[in-house]
1. Name the residue, out of V194, V144, V179, that is closer than 24 Å to L85 by Cα and modelled with pLDDT of 95 or more.
2. Restricting to region 73-100, count the residues that are of a type outside the set (D, E, K, R) and under 26 Å from T190 (Cα atoms).
3. Please count how many residues of region 60-98 are more than 21 Å from Q183 (Cα to Cα) and charged (D, E, K, R).
4. Hey, any hits in region 163-183 for a residue that's among the hydroxyl-bearing types (S, T, Y), surrounded by 17 or more Cβ atoms within 10 Å (Cβ to Cβ), out of contact with any Lys or Arg (no Cβ under 7 Å at 6 or more places or on another chain) and not in a strand (DSSP E or B)?
5. Checking the structure you have, find out if any residue of region 92-107 is closer than 19 Å to C61 by Cα, crowded, with 17+ Cβ neighbours inside 10 Å and either at pLDDT 85 or above or not acidic (D, E) (or both).
Amino acid sequence: MTIRILRPAQVLALSCALTLSGCQNLQGSREGDLYNAPAGAYSIDLGINTFRGRVTLDERCDRYGGSTTLWDSSGRMFRVDYVQLEGNPNIRAPRFASDQTLLSLVLNAYLRGIITEAPMVKTAEVAHREFLQQSDPQSLFTIVSLDIDASKDASVPPVTGTYYYGLLLFKQDDRAYIVQHRQPALMQETMKSVLLRIADGMEIPGVARDDTEMERTRRMLARLAPGEHKNDPVRLCAPPTVGTR
């Protein structure tokens with residue numbers, strides 16, 4: 001994994017943060033285009049060959065981080081979260097904690113606060129966990145087995161059965177990143193390879209979005225959204241949830 005370092009002129013052009021109202025819930029399609037996450041946390045090209053065809057986005061955030069779920073045209077689910085480490089009450093990281101300790105704390109908080117709290121998740125069990133010592137930056141790779149019952153949550157599509165969530169966690173500056181992928185069967189090496197390819201395609205820091213770009217993106221995604229979502233109002237940021245599409 002590599003983290004691309006921007007030239008000084010590019011770094012000066014980035015905004016350090018966006019207000020809460022500047023992070024919309026996005027539903028629509030992009031292909032061969034850059035996606036810029038809230039607060040300039042990262043950018044990623046949605047045209048990389050990891051994604052198959054058109055990509056649909058759903059974006060959420062709060063003051064401590066953001067989450068973007070992506071589905072490609074084959075129905076495969078991906079997700080990228082970023083988490084602010086300093087002052088985050090959900091992490092409570094010791095002041096001089098090592099990167100390994102921080103990543104473990106973030107993973108535990110994620111499992112406890114996001115995955116196991118989702119209404120449709122009946123059980124969650126860690127099936128694999130390892131630190132990837134050769135990756136740069138050092139990463140924590142985990143696979144979680146989830147027993148899903150979508151009937152427990154009327155707001156999600158009817159997905160039921162056992163699924164495997166792969167999570168790749170790494171730290172960059174004052175943020176932790178969680179790259180995720182869902183598979184219907186346990187394929188450890190395939191999962192790792194997919195997650196590493198997505199992480200390698202991320203540019204950190206990313207490009208900050210301005211109000212004009214966000215309004216243009218909102219209009220474009222509204223036009224391209226599936227029929228049942230075309231008339232939905234634009235939603236402001238909401239706490240991240242487990243994607244079940």
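1. Among V194, V144, V179, only V179 is closer than 24 Å to L85 by Cα and modelled with pLDDT of 95 or more.
2. Looking only at that region, the number is 9.
3. Counting residues in region 60-98 that are more than 21 Å from Q183 (Cα to Cα) and charged (D, E, K, R) gives 6.
4. no
5. Looking through region 92-107, at least one residue is closer than 19 Å to C61 by Cα, crowded, with 17+ Cβ neighbours inside 10 Å and either at pLDDT 85 or above or not acidic (D, E) (or both).
Yes/no matrix, rows are residues, columns are (1) surrounded by 14 or more Cβ atoms within 10 Å (Cβ to Cβ); (2) under 15 Å from K171 (Cα atoms); (3) modelled with pLDDT under 90:
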position: S43; (1), (2), (3): yes, no, no
position: L46; (1), (2), (3): yes, no, yes
position: Y82; (1), (2), (3): yes, yes, no
position: E117; (1), (2), (3): no, no, yes
position: E130; (1), (2), (3): no, no, no
position: S135; (1), (2), (3): yes, yes, yes
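The values are calculated or read from the model by the stated rules, or taken from the named source; none is laboratory data. As the structure is a computational prediction, the values presented were derived from the model and not from experiment. Note that we place each Cβ from the backbone using ideal geometry, even for glycine, and neighbour counts take in every protein chain shown.
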